[in-house]
Structures are given as C-alpha cells and as structure tokens.
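Okay, so here's the structure we're looking at.
Derivation of every value follows stated rules applied to the coordinates shown; laboratory data play no part. Please read all numbers here as calculations on a predicted model, not as lab measurements. Glycine also receives a Cβ, built like all others from the backbone with ideal geometry; neighbour counts cover every protein chain displayed.
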Amino acid sequence: MNNKHKVVFLCTGNSCRSQMAEGWARHLRGDEIEAYSAGTNPHGLNPLASKVMAEAGVDISGHTSKHVDDLKEVAFDLAVTVCDRAHETCPLFPGAARTVHHNFDDPPRLAENAQTEEEALNHYRRVRDEIRDFIETMDIRRKEKAE
C-alpha cells in the first residue's frame with residue numbers, strides 16, 4: 001500500500017517553478033511524497049529550468065507540462081501554489097485536502113533583460129535553491145496556512 005502523501009505543485013505555465021518543485025520533492029522526499037505538478041495555462045518545460053536542475057543533480061528533462069484538469073481525478077493531500085497568479089486562479093484545488101501558498105519569483109521574467117545565458121541562469125539558480133529550501137522544510141501534515 002502506498003502511504004506517500006500526494007502533493008501537487010501549481011503554477012501558471014507549469015514550465016518552471018512548479019516543475020522544479022516537483023523535481024525537488026521527488027529527489028529530496030520521494031520516500032514520503034508522491035509529487036505532481038500542473039498549470040492553469042501550461043506551455044511546455046522551460047529548458048533553462050531543466051538545465052539548472054541538472055546542475056543540482058536532479059533530472060526533470062522528461063517532465064511534461066500538464067493542465068490542472070489532467071489531474072482532477074487524483075485525491076491530493078496537499079496542493080501548493082508556487083506563484084501568485086496560480087494562487088489567485090486556484091485558491092482551492094478541487095480534490096486537495098488543503099492548499100498552501102508560497103510565491104517564488106518567476107525566473108523567466110527576472111531573466112528577460114539578461115545580457116548572457118549565464119546571467120539568466122543565475123536567476124534560475126537562485127529560485128531553484130529557494131524552492132529546494134522550501135521543499136526540504138515543507139511540513140506536509142501541517143494544518144495552518146504556510147506563507
């Protein structure tokens with residue numbers, strides 16, 4: 001019997017932040033979390049997100065963007081919105097026992113004016129590491145809202 005907590009990470013595009021969160025949850029807490037990710041307007045895995053995760057030893061290159069409706073049949077223990085827009089669109093995820101919100105900066109938006117790929121990657125790396133820290137300390141059993 002699978003005793004893992006089912007957790008979905010939600011973001012608008014399911015291309016970057018939610019994908020990194022799913023990757024970290026599988027990598028760091030795969031023994032206790034069955035991780036998923038989805039978006040309200042999915043538009044494909046961001047290659048720079050995949051690149052910085054690979055740098056950290058986590059392969060998300062096989063992930064695909066999914067719409068929240070693709071997961072409506074899964075009974076989640078926890079839904080985590082990782083961007084403000086997804087939180088506004090899905091303040092309560094259908095089928096989730098509870099929903100928490102933790103906004104992370106949007107790496108593609110931060111990197112819009114980067115002069116080099118390396119400069120852009122530094123934004124992705126910072127957010128990647130912030131998401132890792134969140135996943136490491138995320139209390140999947142906690143009842144109060146996480147900010």
Legend entry - Test item: Cα-centred dipole of region 1-48, Lys/Arg +1 and Asp/Glu -1 on Cβ, debye: 60 debye
Inset, instruction - Assign unit charges at the C-beta atoms only (+1 for Lys and Arg, -1 for Asp and Glu), then state the dipole size of the chain relative to its Cα centre in Debye, rounded to the nearest 20. - result: 400 debye
Inset, instruction - Please work out the Cα convex hull volume for the chain and give it in Å³ per residue. - result: 103 Å³
Legend entry - Residue-averaged [θ]222 nm for the chain, counting only DSSP H segments that reach four residues, each worth -39500 (n - 2.57): -11000 deg cm²/dmol
Inset, instruction - Show the residues, 5+ positions off or on another chain, whose built amide H is closer than 5 Å to the amide H of PHE9. - result: TYR36, SER37, ALA38, VAL80
